[in-house]
Amino acid sequence: MIEIRNLHAGIEGTPILKGINLTINTGEVHAIMGPNGSGKSTLSKVIAGHPQYEVTEGEIIYDVNFKKVNIIDLAAEERAREGIFLAFQYPVEIPGVNTAVFLRAAFNEICKHQGADEMDPIDFDEYIRSKMKILEMDEKYISRAVNVDFSGGEKKRNEIMQMAVLNPRFAVLDETDSGLDIDSMRIVADGVNKLRNKNNAMLVITHYQRLLNYIVPDFVHILQDGKIVRTAGKELALAVEEKGYDWLKEGK
Amino acid sequence: MPKGEEKILNEKTIQENTLSSRDYKYGFYTDIETDRIPKGLTEETIRLISTKKHEPEWMYEWRLKAFRHWKTMTEPHWPNFDYGPIDYQALSYYTAPKTKKGGPVGNIDTTDPELIKTFERLGIPLSEQKRLTGVAVDAVFDSVSVGTTHQAELAKVGVIFCSMTEAIEQHPELVKKYLGSVVPYSDNFFAALNAAVFSDGSFCYIPKGVRCPLELSTYFRINAAESGQFERTLIVAEDSSYVSYLEGCTAPMRDENQLHAAVVELITLDNAEIKYSTVQNWYSGDKEGKGGIYNFVTKRGKCVGKNSKISWTQVEAGSAITWKYPSVILQGDNSVGKFYSVALTNNRMQADTGTKMIHIGKNTKSTVVSKGISTDESNNSYRGLIKIMPTADGARNFSQCDSMLIGNKCSANTFPYIEVKNNSAVLEHEASTSKINADQIFYLQSRGLDLEGAISLIINGFCKDVFKELPMEFAVEAVKLLEMKLEGSVG
């Protein structure tokens, strides 16, 4: 599905990612853990194509039309239309823009790109409501402005609801658990699990092992100072929970 | 200066401006022979204009009174922007395109074909075969109306739609009765100047009980350099009549500022309604703030009759300076005044715009929705007055003023004034300020929308309460205009 090769990237001349190698196959869920400032969020933004981050070296190879393509030069919206999705750590508020109108515009852009028929407002309304049920979201949210006056937990649910609507092939979940109480986290994790299938893949970024009890990953990677320093199965998350990150430092 | 030289200069100026300014597709100049009076403003000028227009003596007298009053007034510098000083002696107050074989001005058949082409290029076809259906157009070029479409069709239902010049000639009793009845010549500095030198404009009269079958519109084009455009529009809606009126404006890109000082008066009698919509896209100057139109406009409506209704909807996207407060005097009981505005400023544009709602009659209602968008180094102010007179029992007002900032060198201001002299009045005021930032754009892009789509979604969301008041095609136009103006300013 996606293969990151020797990825170096930074912002305003400060290097943050210093040679990431990561391969995620179709049907797999990978988790990335790491201390603050290790580059987790940068990695998610670079994958999604944030224009402020500069890739200085390396490639991101992604399957486009059954071909392997380096997507480094694709704009964020082009990546999105190819099925890459980022669930934001801090979802952005967009005053005045109705959630349903926004999501239908996005959905139809993707349809158009994929050569599928666009959906009219009535069908879309039904479609979006069915997805909101998965996340136990109140229907009132779709008629509100995007993320405006949403609580932290509602914003995170809204991210996963958007993922359900847009149905990406590869999704990056950036600290989707932060700011969620245990009940909300369970609902969000259940939603994510329902979206998991053999045709898509996910990269779950988290600070805490807790989320991984609900979204069980196939692999866990530890990111430190812009590099992946250790990769193992889900048990690695438990070890980190117990011992912290220091013992994984390079050279130890 | 020989004519050939002037043309070269103009083309060069336009090219340079095109390079430095964002795409202003109306910035071209029409090279045409004109009948132009010498620069300067004296009583002699007033006489000359009046004579050129073959006006009756009473019209000349009115102009002269206005001029004498104007000389006692001073240029207003209270708005929240800098301009001028304007040298009123350095302008020519009358520039009319010459007609074919000396035929009459204001008739499409005798209009120079170059002009018909100009309007076609602006998207306003005037000839019989090509003209728009459903919309009657009065086309004003520099100082005069060059033609009005659909007149015969409108006359069948008794609607008069013609240039001001024609109205003074053909319907003097109506003009005498209503001209200056809402905006007297002594109203303000620019209204007085306009009353003295106005050269044309549109006149609409909707008789009793008639719902005007077409949208009426005027398209204003300023072409000549070192001139000003001073037009007056007068719309009268008799008992139980209805009309929707649209106004569009463009001008070539020039290095020097041009003055536009218009007056619009609306009158509604019992149960009548006027909907007045404007998309203003005068040239706004280049990035450095060079050139552009100084737009000093007095627009006011008077709900004379009971249950009558006036609404102003404006999309102000051009002009170096905008000074404009479309207002409603709510005199008839139960009358309704509305003001919906989107004002966008970019580069170094300065806008000070808003409304006045004067409640006099009982149970009068007014609504004000103002959306200001500022970007680059521009300055955008809302200024509004809600005045409730002692007679206005049960008056209601709702005002909402929202500002959106793009980038960090622009500014937005709100100056709401409220004067209430009746205890039974209920007023509400809401205001907000927001910013479009790179994070919002990235968020929308990461969902599959391109930059254009993202900005359009945000701007549409911000302005939707205003856009929904515009006639359909006008709304589409307005959205496109804002998108074009904002391209490249977010990031």
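The values are calculated or read from the model by the stated rules, or taken from the named source; none is laboratory data. If you're wondering where the values come from, they're calculated on a predicted model, not measured in any experiment. Glycine also receives a Cβ, built like all others from the backbone with ideal geometry; neighbour counts cover every protein chain displayed.
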**OP:** Just name the residue that is nearest to the other protein chains (Cβ to nearest Cβ) out of those in the stretch A:91-106 that are outside any loop (DSSP other than H, G, I, E, B) and within 21 Å of A:T176 (Cβ to Cβ).
**Re:** A:A106
**OP:** Answer yes if at least one residue in the stretch A:118-127 is within 14 Å of chain B (Cβ to nearest Cβ), part of a loop (DSSP other than H, G, I, E, B) and farther than 23 Å from A:V192 by Cβ, and no otherwise.
**Re:** yes
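Table: residues versus (1) hydroxyl-bearing (S, T, Y); (2) part of a strand (DSSP E or B); (3) within 12 Å of chain A (Cβ to nearest Cβ).
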residue	(1), (2), (3)
B:Y417	yes, yes, no
B:L427	no, yes, no
B:E430	no, yes, no
B:T433	yes, yes, yes
B:D439	no, no, yes
B:K464	no, no, yes
B:L470	no, no, no
B:E483	no, no, no
**OP:** Taking only the stretch A:1-45 into account, find how many residues are touching a helix residue (DSSP H, G or I) at 6+ places or on another chain (Cβ under 8 Å) and assigned to a loop (DSSP other than H, G, I, E, B).
**Re:** 1
Subject >> Residue check, B:A475 in contact with a helix residue (DSSP H, G or I) (Cβ under 8 Å, 6 or more places away or on another chain), away from chain A (no Cβ under 14 Å), surrounded by fewer than 22 Cβ atoms within 10 Å (Cβ to Cβ) and hydrophobic (A, V, I, L, M, F, W, C) >> reply: yes
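Can you say whether A:L86 is of a type outside the set (G, A, S), in contact with a helix residue (DSSP H, G or I) (Cβ under 6 Å, 6 or more places away or on another chain) and either in a strand (DSSP E or B) or within 12 Å of another protein chain (Cβ to nearest Cβ) (or both), as far as the supplied structure shows?
Values: of a type outside the set (G, A, S): yes; in contact with a helix residue (DSSP H, G or I) (Cβ under 6 Å, 6 or more places away or on another chain): yes; either in a strand (DSSP E or B) or within 12 Å of another protein chain (Cβ to nearest Cβ) (or both): yes.
Here the answer is yes, as A:L86 does meet what is asked.
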Original post:
Within the stretch A:53-68, can one find any residue that is out of contact with any strand residue (DSSP E or B) (no Cβ under 9 Å at 6 or more places or on another chain) and part of a loop (DSSP other than H, G, I, E, B)?
Top reply: yes
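Taking the conditions exactly as written (more than 10 Å from chain A (Cβ to nearest Cβ) and modelled with pLDDT under 90), does B:I455 satisfy them or not? Please lay out each step first, then the result.
Values: more than 10 Å from chain A (Cβ to nearest Cβ): yes; modelled with pLDDT under 90: yes.
Against the criterion (more than 10 Å from chain A (Cβ to nearest Cβ) and modelled with pLDDT under 90), B:I455 qualifies.
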Subject >> Leading residue by the ranking (nearest to B:G361 (Cα to Cα)) among those in the stretch B:396-415 that are among the small types (G, A, S) and more than 12 Å from chain A (Cβ to nearest Cβ) >> reply: B:S399
Subject >> Of all residues in the stretch A:107-117 being of a type outside the set (D, E) and assigned to a helix (DSSP H, G or I), the one that is nearest to the other protein chains (Cβ to nearest Cβ) >> reply: A:I110
Original post:
Within the stretch A:42-83, which residues are within 14 Å of chain B (Cβ to nearest Cβ), over 17 Å from B:R447 (Cβ atoms) and among the aliphatic types (A, V, I, L, M)?
Top reply: A:V46
**OP:** Name the single residue, out of those in the stretch B:391-437 being out of contact with any Ser or Thr (no Cβ under 7 Å at 6 or more places or on another chain) and hydrophobic (A, V, I, L, M, F, W, C), that is farthest from B:S374 (Cα to Cα).
**Re:** B:A425
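Could you identify the single residue in A:M163, A:M132 that is within 22 Å of A:Q89 (Cα to Cα), away from every other protein chain (no Cβ under 14 Å) and under 20 Å from the mean Cα position of the chain (by Cα)?
Details: A:M163 fails: away from every other protein chain (no Cβ under 14 Å).
One residue alone meets the criteria, A:M132.
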Original post:
Condition test on A:N193, is it more than 19 Å from A:I20 (Cα to Cα) and either part of a loop (DSSP other than H, G, I, E, B) or of a type in the set (F, W, Y) (or both)?
Top reply: no
